[in-house]
Amino acid sequence: MSRCIVCGSSELFFDHHCKQCYLKNYPILKQKKDLGVFACSICELIFLKSRLTTHYIADIGKNSVNTFFLSLLRQSWDFHYRPKNLHIKEIAIDPNENGYSSMISGIVDISASPDAFVPLLTISEEFRIHIEWQECLECRNRLTGSYNSKIQIRTPKKVEIKQLEKWAEEIESLSQMHPLADGKNPLFKVDFLKSGIDALFQTYPPATSVGKIFAKKYGGIISVTTEFAGFDKSRSREYPRKPVVLITLPEFNSGDIITINNHNPIQIRSFKESKVEFWDYRDKVWKKIPLKSFLASDPKFLDREFQQFQLVNFEQDRKMAQIMNMDTFDTHYIDSKEVSDVSEGETFQGILFDGMLLRKQEKA
Ligand SMILES: [Zn+2]
Ligand SMILES: [Zn+2]
């Protein structure tokens, strides 16, 4: 009967060795060392010197955090041969009198095989991870109120605070869809002003993405400018300027009747995708033009109220119709196409303008 050539045990493992003696001769682990991470003293985010993570101290023990720590172990411990499996058997944050522990410790199972012919060996090792408490970049930015980019929403109209709050909510939820590398919302502050809102962002890319979506939805004109960011005293030069995403919202609402290009009456249908859709009363068609051309066409409010009219009758050839203003009893002749949906004797709302009857238009 063969026995271990080192200790004489009868439980042979491989190559005339028992498991213990084999591991002594061919250890899996060459050298282990304590690891170090940072944790934010405000939000408890775990981070490294070179990068943020998406893990928090409160999540220690969860699979995702274990996987992160195991990748750190794999990188910083020296092995004689590549471990096939690492598994955290135990992990806990060590209790500390003032609630701020500086140590995470636990036990890791390491499985490895020195050779294809050797069965997988598993050893258990204790590990320690030192925690250095420090504010993470985002919390520090929040504390100091510093930001790297902002969205300014401006409107020429008078707006209620409720409207501003609605915009702020929308910016907030759009920002959540453009998270930072650590999964957090890049937006950290919204300032309410008389003429709009300022939304302060941690970084520029989410600010511009969010700004584009918002501007598209509300028919705003977007332009990117920069603002002075201060002087770097140590190098006596300017900091890079901060990009500002400026969104100018249109003055008009859908349904408004306005004039463009010198008295050409139109009714706005929508501002969407940087285009304006409207009913052209003169050409009697729906039109869609770029927002920029619209703004260049000198849009002005039409300063008239809707009035009540009655269709008196159609002329014999039905080309013209006689209508009567119900307030003044004045009668007018208009193109009968304008009232083709009205029967003689019926009343309707409209504005008489330049010999044209302007009625509210609904797109079919
Ligand atoms: Zn032995
Ligand atoms: Zn933090």
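The values are calculated or read from the model by the stated rules, or taken from the named source; none is laboratory data. Bear in mind the structure is a predicted one, so any value in this text is a computation, not a measurement. All Cβ positions, glycine included, derive from the backbone under ideal geometry; neighbour counts span all protein chains shown.
Candidates are the residues of the stretch 193-225 that are among the aromatic types (Phe, Trp, Tyr) and modelled with pLDDT of 90 or more; the one that is farthest from Cys136 (Cα to Cα) is Phe214. Annotation: of all residues in the stretch 48-58 being hydroxyl-bearing (Ser, Thr, Tyr) and surrounded by 13 or more Cβ atoms within 10 Å (Cβ to Cβ), the one that is nearest to ligand 2 (Cβ to nearest atom) is Tyr56.
Is it fair to say Glu135 is under 25 Å from Cys40 (Cα atoms) and either in contact (Cβ under 8 Å) with a residue 40 or more places away in the chain or not hydrophobic (A, V, I, L, M, F, W, C) (or both)? If you could, list the steps in order and put the result at the bottom.
Details: under 25 Å from Cys40 (Cα atoms): yes; either in contact (Cβ under 8 Å) with a residue 40 or more places away in the chain or not hydrophobic (A, V, I, L, M, F, W, C) (or both): yes.
Yes.
Out of Arg74, Arg82, I need the residue that is in a helix (DSSP H, G or I) and surrounded by fewer than 18 Cβ atoms within 10 Å (Cβ to Cβ). Which one? Show your work before the answer.
Working: Arg82 fails: in a helix (DSSP H, G or I).
Every option except Arg74 fails the conditions.
Selection over the stretch 102-111 of residues that are surrounded by fewer than 18 Cβ atoms within 10 Å (Cβ to Cβ) and either under 30 Å from Cys40 (Cα atoms) or among the aromatic types (Phe, Trp, Tyr) (or both) gives a count of 5.
Based on this model, can you work out whether Ser64 counts as more than 30 Å from Asp115 (Cβ to Cβ) and modelled with pLDDT under 90? Criteria not met by Ser64. Of the residues making up the stretch 284-296, those that are at pLDDT below 90 and either in a loop (DSSP other than H, G, I, E, B) or of a type in the set (A, V, I, L, M) (or both) are Lys284, Leu291, Leu295, Ala296.
Note on the stretch 122-148: residues that are at pLDDT below 90 and either in contact with a His (Cβ under 6 Å, 6 or more places away or on another chain) or in a strand (DSSP E or B) (or both) amount to 2. Screening the stretch 124-154 for residues that are loosely packed, with under 15 Cβ neighbours inside 10 Å and either more than 16 Å from ligand 2 (Cβ to nearest atom) or of a type in the set (D, E, K, R) (or both) and picking the one that is farthest from Leu187 (Cα to Cα) gives Ser124. Checked against (1) within 16 Å of ligand 1 (Cβ to nearest atom); (2) surrounded by fewer than 16 Cβ atoms within 10 Å (Cβ to Cβ), Leu12 passes all but condition (2). The set of residues in the stretch 303-318 that are surrounded by fewer than 16 Cβ atoms within 10 Å (Cβ to Cβ) and within 56 Å of the chain's Cα centre (by Cα) comprises Asp303, Arg304, Glu305, Phe306, Gln307, Gln308. Within the stretch 25-53, restricting attention to residues that are within 16 Å of ligand 1 (Cβ to nearest atom) and touching a residue at least 40 places away in the same chain (Cβ under 8 Å), which residue is farthest from Phe188 (Cα to Cα)? Among them, the one singled out is Tyr26. Of the residues making up the stretch 170-192, just one is part of a strand (DSSP E or B), at pLDDT 90 or above and under 23 Å from Ser50 (Cα atoms), namely Leu187.
With respect to Asn98, determine if the residue is surrounded by fewer than 18 Cβ atoms within 10 Å (Cβ to Cβ) and modelled with pLDDT under 85. Judged against the criteria, Asn98 is a match. Might you let me know whether the stretch 194-204 holds any residue that is more than 22 Å from the chain's Cα centre (by Cα) and touching a residue at least 24 places away in the same chain (Cβ under 8 Å)? Yes; the residues of the stretch 194-204 include at least one that is more than 22 Å from the chain's Cα centre (by Cα) and touching a residue at least 24 places away in the same chain (Cβ under 8 Å). The C-beta contact set for the stretch 240-258 (first residue of a type in the set (Lys, Arg), second residue part of a strand (DSSP E or B), distance under 7 angstrom, 6+ apart or interchain) comprises Arg241/Thr226; Arg241/Glu227; Lys242/Ser149; Lys242/Thr226; Lys242/Glu227. When Pro114 is tested against the conditions (1) farther than 16 Å from Asp59 by Cα; (2) out of contact with any strand residue (DSSP E or B) (no Cβ under 7 Å at 6 or more places or on another chain); (3) loosely packed, with under 14 Cβ neighbours inside 10 Å, the lone failure is (3). Can you find a residue that is under 30 Å from Ser102 (Cβ atoms), surrounded by fewer than 20 Cβ atoms within 10 Å (Cβ to Cβ) and within 16 Å of ligand 1 (Cβ to nearest atom) anywhere in the stretch 187-200? Checking the stretch 187-200: not a single residue is under 30 Å from Ser102 (Cβ atoms), surrounded by fewer than 20 Cβ atoms within 10 Å (Cβ to Cβ) and within 16 Å of ligand 1 (Cβ to nearest atom). Could you tell me whether any residue of the stretch 260-273 is surrounded by 20 or more Cβ atoms within 10 Å (Cβ to Cβ), in a strand (DSSP E or B), at pLDDT below 85 and not polar (S, T, N, Q)? Yes: one or more hits.
Going through the stretch 9-47 one residue at a time, which ones are away from ligand 2 (no atom under 16 Å from the Cβ), in a strand (DSSP E or B) and not small (Gly, Ala, Ser)? Steps first, please.
So the first thing to find is which residues in the stretch 9-47 are away from ligand 2 (no atom under 16 Å from the Cβ), and the list is 9-36.
Then keep just the ones that are in a strand (DSSP E or B); that gives 12-14, 17-18, 29-31, 35-36.
Residues satisfying the conditions are Leu12, Phe13, Phe14, His17, Cys18, Leu29, Lys30, Gln31, Leu35.
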